[in-house]
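S.K.: Please read through the structure below; I'll follow up with questions.
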Amino acid sequence: MQYTLEEVVNHLKTQGFVFQGSEIYGGLANSWDFGPLGVELERNLKNLWWQHFISKSRYNVGLDSAILMNNNVWKASGHLGNFADPLLDCKKCKTRMRADKLIEDKYPNLNCGGWSNEQLKTFITENQLLCPNCGAYDFTDIRQFELMFKTNQGVIEDEKSVVYLRPETAQGIFVNFKNVQRALRKKLPFGIGQIGKSFRNEITPGNFIFRTREFEQMELEFFYDVNDQTDWFNYWVEEVTKFLNLINLNPKNYSLCEHEKSELAHYAKRTIDVEYKFPFGAGELWGIADRGDFDLRQHATMSKHDLTYLNQETNMKILPHVIEPSVGVGRLMLAILYDAYHVEKVGDDDSRIVLKLSPLLAPYQLAVIPLSKQLNAAAYQVYEKLLQRFQCTYDETGNIGKRYRRQDAIGTPFCVTFDFESLEDNKVTIRNRDTMEQDRIAIANLEDYFIAVLR
Ligand code: ATP
């Protein structure tokens, strides 16, 4: 890959996309705050996801469930007790790592998602895998590490008051399946989606916002009758691909990888991951899993509630099956930003950093630039008018070339330059981020012009 993670991260920090969490106190390991530009990109991305998977889908509806849930939810889902990573320490340098990742980093074609601790240990021993930090071959036994964050609810901190921060948004959807179906009189097939924070006490967080302990997910749980002949799994794989096209992710940088039967999570019948080629290696971006009826069955048994659906045509009660496309907001943002980052030569002896973000995602779609401070009053009127329809910024400091470069660096697709002639001819210069070409457009036509090009 052309650019290093460090280079891209530095750029994002200096431009106000992302800051280190709690920075003035020396930070908190692997926590990040989205700055003013990052949060605009994030909101655009979440809105697009919501539009594509919820509002514009004829099947799906939205939800916003609580982060803290009854502990029985986590018993039923298998998170309490089972939701643990296989952990091992290097006895020499004390580096802690995931046994499955130790293997996968050395053998990228393997996926040890479904392996037992015994299988992992045997593989590491037989292949004499070494500590990636110090090169020693001296590991502790593999043990399971509890991934859920624990806290206490109420004033008394005892075993009874223990609650967990949700490790995925999906369970909030499953436990509300019947509420949603009844209240909205939904007929199968239908989906419920939500966007929200999840927490996992990851053993090996890192690679910037790729793996953090607090992160946001965009999850859809799509419920269908298993006797339905439609290939819903494929349908959602295609919808995910359409979404990646919509946001202009370069198809050369990602691929669809089907899990082998032996690699599937215990509840999954089929899984395809969208894997993105990050600068530190290929990693899961978006998981699409056929979870069968595992979740509803578990919750029906644990809660003793009837979670079946009555098919009114056949008069049969069935437990719907579920397809889950699930993606992390931060992880997707990292892919988008990495994809968009370019350093380009301009002429013989100049260069620019340009974020070639889709206009649907860019923090600002337009920047209004007065050529001189004397033009502020008139230029501001143009800005205020455009602001009603578009995400706009107003940039009045530095020479014009510097201002163009600054807008390139944050991904603004168009600059609208107001010069002295604009006072006479009521036209402005439109400068295109990617081609750097300039066009002269009547102020009166600006809205129509941008509605046509900003997509
Ligand atoms: P990984 O193998 O990378 O740990 P996973 O298979 O545990 O991921 P899922 O439980 O399927 O991930 O979560 C769905 C999506 O949520 C992932 O595809 C990813 O985009 C995102 N995600 C999961 N864990 C994290 C994390 N710690 N930080 C950021 N995003 C995450």
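S.K.: So for the stretch 281-430, considering every pair of alpha-carbon atoms, how many percent are separated by more than 28 Å? Numbers along the way, then the final one.
M.R.: Working: 5586 of 11175 pairs.
I get 50 percent for the Cα pairs in the stretch 281-430 exceeding 28 Å.
S.K.: Moving on to the next point. Dipole size in debye (nearest 20) for the stretch 1-133 around its Cα centre, Lys and Arg Cβ +1, Asp and Glu Cβ -1? Can you show the working numbers first?
M.R.: Values: 14 positive and 14 negative charges, 56 e Å.
Dipole of the stretch 1-133, to the nearest 20 debye: 260 debye.
S.K.: Could you pull the Cα extents of the chain along its three principal axes, largest to smallest, in whole Å?
M.R.: The Cα atoms of the chain stretch 76, 64, 49 Å along their principal axes.
S.K.: Which value, in Å to one decimal place, does the Kirkwood hydrodynamic radius take for the stretch 243-325 when every pair of different Cα atoms is included?
M.R.: Taking the inverse mean of 1/r over all distinct Cα pairs, the stretch 243-325 comes out at 15.3 Å.
S.K.: Run the lone-cysteine check on the chain: no other Cys C-beta under 4.7 Å from the residue's C-beta.
M.R.: C112, C257, C392, C415
S.K.: Further, regarding this structure: Return the long-range amide H neighbours of L28 (sequence gap of 5 or more, or a different chain), with a cut-off of under 5 Å between placed amide H atoms.
M.R.: Here the answer is G21, since their amide H atoms fall under 5 Å of that of L28.
S.K.: Full extension from L5 to R297: what is 0.36 nm times the residue separation minus their Cα-Cα distance, to one decimal in nm?
M.R.: Value of the extension gain: 100.8 nm.
S.K.: Then there's this: Using θ = phi - 60° and the Karplus curve 6.51 cos²θ - 1.76 cosθ + 1.60, what whole-Hz ³J(HN,Hα) does each residue of the stretch 284-294 get, with Gly and Pro shown as x?
M.R.: Going residue by residue, I get 4, 9, 9, x, 10, 10, 8, 8, x, 9, 3 Hz, with x marking Gly and Pro.
S.K.: In whole Hz, with x marking every Gly and Pro, tabulate ³J(HN,Hα) for the stretch 339-344 from phi via Karplus 6.51 cos²θ - 1.76 cosθ + 1.60, θ = phi - 60°.
M.R.: So the J values, rounded to whole Hz, are 4, 7, 6, 9, 10, 10.
S.K.: Rg and Dmax of the stretch 175-225 over Cα atoms: what are they, in angstrom?
M.R.: Every Cα atom of the stretch 175-225 included, Rg and Dmax give 15.5, 44 Å.
S.K.: Bin all alpha-carbon pair distances of the stretch 1-129 at 10 Å intervals from 0 and give each bin's fraction as a whole percent.
M.R.: 9, 19, 25, 35, 11, 1
S.K.: Please list, in order along the stretch 374-383, the HN-Hα scalar couplings obtained from phi with the Karplus expression 6.51 cos²θ - 1.76 cosθ + 1.60 (θ = phi - 60°), rounded to whole Hz, x for Gly and Pro.
M.R.: 5, 8, 3, 4, 6, 5, 4, 5, 4, 4
S.K.: Turning to a different aspect of this structure: For K121, which lysines qualify as cross-link partners when the Cα separation must be under 23 Å and same-chain residues fewer than eight apart are set aside?
M.R.: K91, K92, K94, K101, K106, K261
S.K.: Need one number for the stretch 91-172: average projected area of the convex hull over its C-alpha atoms, nm². Before the final figure, lay out each step's value.
M.R.: On the way: hull surface 32.6 nm².
With every direction weighted equally, the projected area is 8.1 nm².
S.K.: Given H placed on each backbone N at 1.01 Å, which residues far from A367 in sequence or on other chains put an amide H within less than 5 Å of it?
M.R.: T393, F414, C415, V416
S.K.: Based on Cβ point charges of +1 for Lys and Arg and -1 for Asp and Glu, what charge dipole magnitude is obtained for the chain about its Cα centre, in debye rounded to the nearest 20?
M.R.: It comes to approximately 780 debye.
S.K.: For N201, enumerate residues with amide H under 5 Å from its amide H, sequence gap 5+ or separate chain, H modeled in the peptide plane.
M.R.: Those lying under 5 Å, H to H, from N201 are M148, F149.
S.K.: Stretched out fully, how many nm does the piece from D434 to D158 gain, at 0.36 nm a residue minus the Cα gap?
M.R.: Taking 0.36 nm per residue and subtracting the Cα distance, the gain is 93.5 nm.
The numbers here are math on the coordinates, done by the rules we state, and not lab data. This one's a predicted model, so the numbers in the text were calculated from it and none came from an experiment. Cβ coordinates were reconstructed from backbone atoms using ideal geometry, including for glycine residues, and neighbour counts include every protein chain displayed.
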